[in-house]
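A quick write-up on the structure given underneath.
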Amino acid sequence: MKFSGVLNWRDSEGHCGTIGDFHDIEANSKEEAEKIVLDEHWDSRLDSAGCGAEIIFHDHINHCDYDHETAGEVRLLPTGGGGNVIVCYGCFLKEMRFRRDRAAGGVSFDLPRWEELELYEGG
């Protein structure tokens, strides 16, 4: 069987982040796929920082409007005027950095948190 998904980290205070997507891991079970993902992608320094792994398997791959596919979730980021862009978490962070930089130059942008965005399930 082949497994795809995303590997996240989470600390005891509820902070979390994405380490990366994985695609087409060949394994006989989800448990075996988890072991392969952790062996290949987990950074042991996160253990010493008190972080734990969270693996989310996906039945399908989502499309991010920044021209790539991801096994992670995607959300709708408002662009103004009633429009949205479909973003993965990594592209969301880049877009927020861009918006903050532009706001420093006097341009007004909304700066929502990832958790506030509507989950896009049509991906």
Exercise. So Asp59 clears everything in (1) in contact with a helix residue (DSSP H, G or I) (Cβ under 9 Å, 6 or more places away or on another chain); (2) at pLDDT below 90 except one condition, right? Which one?
Worked result: (1)
Exercise. When the residues of the stretch 47-56 are filtered to those that are aliphatic (A, V, I, L, M) and at pLDDT 80 or above, which remaining residue is surrounded by the most Cβ atoms within 10 Å (Cβ to Cβ)?
Worked result: Ile55
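Would you call Ile86 touching a Phe, Trp or Tyr at 6+ places or on another chain (Cβ under 7 Å) and either of a type outside the set (Gly, Ala, Ser) or outside the structural domain of Glu31 (by TED's automatic domain parsing) (or both)? Working first, answer last.
Numbers: touching a Phe, Trp or Tyr at 6+ places or on another chain (Cβ under 7 Å): yes; either of a type outside the set (Gly, Ala, Ser) or outside the structural domain of Glu31 (by TED's automatic domain parsing) (or both): yes.
In short, yes.
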Seminar exercise, completed: Inside the stretch 1-31, the number of residues satisfying the requirement of being surrounded by fewer than 18 Cβ atoms within 10 Å (Cβ to Cβ) and hydroxyl-bearing (Ser, Thr, Tyr) is 2
Problem set entry | Answer from Asp24, Asp43, Asp11 - the residue that is on the phi > 0 side of the Ramachandran plot and in contact with a strand residue (DSSP E or B) (Cβ under 9 Å, 6 or more places away or on another chain) | Asp24
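The values are calculated or read from the model by the stated rules, or taken from the named source; none is laboratory data. Keep in mind that what you see is a predicted model, and the values were worked out from it rather than measured. Quick reminder, even Gly has a Cβ in these numbers, built from the backbone with ideal geometry, and neighbours come from all protein chains shown.
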